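Everything on this sheet refers to the single structure shown next.
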Amino acid sequence: MRFLPFICKSALRNRRRFVLTVFSVAVSLFMFSTLMTVLTELERENPSEVAHLRLVVRRATSLADPLPESYGPKLAAVPGVRAVHPMNWFGGLYIDERNFFANFATDPKTLFVLYPENVTPPAERDAWQRDRTGALVGQTLAEMFGWKRGDRVTLLGTIYPVDLEFTIRGIYTNELDDRAFFFHREYLEEALGRPGRVGTFWLLAERPDQVPHIAETVDAMRSSELVLRREINATVFPAREFASRTSRGDHFLENVLQDAKIFLIGDERDLDRLAEKRRPQSAQAQRAGAKKAARARRPLSRR
């Protein structure tokens, strides 16, 4: 007895059952493969030693709504922030719509500070940083289009109304992804007439325990602007500087402590408690403390 004709005949005896069985098995395999892929990507760790120290700052409304360039120094003043890296998604096309890849306008001075996993020879890195119209491309992307160092490449603007021409100065490698195209943000700003807008700011924290504090501080800075309905120039004091300036009777901090305030984190009591810890004791309080200490040292008399 041949089994194959028997199996085919039995499977096709009820075609509806056969179709539903095949469909259910196909859906099950698809769901299993999708979930396993998602879990694998979520659990895969970034090989970079600073991946857990990076934060991104953007508009809460949309990535299409950029931030003012003036936010950069404010973010750099937040305690615990080691570096600030501005980045704009250019969204350019190479020749036509079929050749789409990630391309970013960045700051060449801080790119390798935020992304040390992008490895490139020092000579190529220096050449790219010196050339305002230079480009840094991933090795996979360069192999895809046959690009070499010194080639000239033009990206057609889609989001921005400019077409930019570049000279490839360096090729980098990355264990996770090396299919991106980086160029000078200054070049884009000049082509657009210097609008001073940044898509995202990437922050690098000094220590992992400072990441939640940095995120809370940045959110509070933005919330204060929403309350006042205008851009503000925030001044952030680290704990040591606050202690030093308060102990010296700094005029600015004294005015802040006395004037009306809008609290985004904590309340008046928290500020008073912090200020009392930092203020030096007054002369009267010091004399009272000295008298109390003297009484404590005096021997008790016996009756």
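The values are calculated or read from the model by the stated rules, or taken from the named source; none is laboratory data. Predicted model, so just to flag it, every value in this text is computed and none were measured. Backbone-built Cβ (ideal geometry, glycine too); neighbour counts: all protein chains shown.
Among the residues making up the range 71-95, a single one is at pLDDT below 90 and of a type in the set (D, E, K, R): Lys74. Go through the residues of the range 224-234 one by one and say whether even a single one is surrounded by fewer than 17 Cβ atoms within 10 Å (Cβ to Cβ), part of a helix (DSSP H, G or I), outside the structural domain of Ala135 (by TED's automatic domain parsing) and without any contact (Cβ under 8 Å) to a residue 24 or more places away in the chain. Within the range 224-234 (the criterion being surrounded by fewer than 17 Cβ atoms within 10 Å (Cβ to Cβ), part of a helix (DSSP H, G or I), outside the structural domain of Ala135 (by TED's automatic domain parsing) and without any contact (Cβ under 8 Å) to a residue 24 or more places away in the chain), the answer is yes, since at least one residue qualifies.
I'm trying to understand the selection: among the residues of the range 1-38, which are assigned to a helix (DSSP H, G or I) and polar (S, T, N, Q)? Those that are assigned to a helix (DSSP H, G or I) and polar (S, T, N, Q): Ser10, Thr21, Ser24, Ser28, Ser33, Thr34, Thr37.
Being surrounded by 10 or more Cβ atoms within 10 Å (Cβ to Cβ), in contact with a strand residue (DSSP E or B) (Cβ under 6 Å, 6 or more places away or on another chain) and outside any helix (DSSP H, G or I): is that true of Leu63 here?
Details: surrounded by 10 or more Cβ atoms within 10 Å (Cβ to Cβ): yes; in contact with a strand residue (DSSP E or B) (Cβ under 6 Å, 6 or more places away or on another chain): no; outside any helix (DSSP H, G or I): yes.
No.
Only one of Leu164, Leu188 is within 20 Å of Thr110 (Cα to Cα), in contact with a strand residue (DSSP E or B) (Cβ under 9 Å, 6 or more places away or on another chain), assigned by TED's automatic domain parsing to the domain that holds Thr120 and among the hydrophobic types (A, V, I, L, M, F, W, C). Can you tell me which? Walk me through how you get there before you give the answer.
On the way: Leu164 fails: within 20 Å of Thr110 (Cα to Cα).
Step by step, each of Leu164, Leu188 is checked, and only Leu188 is within 20 Å of Thr110 (Cα to Cα), in contact with a strand residue (DSSP E or B) (Cβ under 9 Å, 6 or more places away or on another chain), assigned by TED's automatic domain parsing to the domain that holds Thr120 and among the hydrophobic types (A, V, I, L, M, F, W, C).
Scan the range 158-188 for residues that are assigned to a loop (DSSP other than H, G, I, E, B) and within 25 Å of the chain's Cα centre (by Cα) and jot them down. Selection gives Thr158, Ile159, Tyr160, Asn174, Glu175, Leu176, Asp177, Asp178, Arg179, Ala180. Note on the range 124-150: residues that are in contact (Cβ under 8 Å) with a residue 40 or more places away in the chain and small (Gly, Ala, Ser) amount to 4.
Quick check on the range 184-202. Is at least one of its residues closer than 25 Å to Lys74 by Cβ and in contact with a helix residue (DSSP H, G or I) (Cβ under 6 Å, 6 or more places away or on another chain)? Explain how you work it out, then say what you get.
Keep residues of the range 184-202 that are closer than 25 Å to Lys74 by Cβ, which gives 184-190, 192-202.
Next, from what is left, pick out any that are in contact with a helix residue (DSSP H, G or I) (Cβ under 6 Å, 6 or more places away or on another chain): 201-202.
Yes, some residue in the range 184-202 is closer than 25 Å to Lys74 by Cβ and in contact with a helix residue (DSSP H, G or I) (Cβ under 6 Å, 6 or more places away or on another chain).
Considered as a group, the residues in the range 100-151 that are in contact with a Lys or Arg (Cβ under 8 Å, 6 or more places away or on another chain) and part of a strand (DSSP E or B) include one that is surrounded by the fewest Cβ atoms within 10 Å (Cβ to Cβ), and that residue is Gly134.
Among the listed residues Glu97, Glu41, which satisfies the condition of being assigned to a helix (DSSP H, G or I), within 24 Å of Leu141 (Cα to Cα) and free of Cβ contacts under 8 Å to residues at least 12 places away in the same chain? After applying the criteria, what remains is Glu41. Do the conditions hold for Asp107, that is, is it free of Cβ contacts under 8 Å to residues at least 12 places away in the same chain, within 20 Å of the chain's Cα centre (by Cα) and in the same structural domain as Trp147 (by TED's automatic domain parsing)? In short, no.
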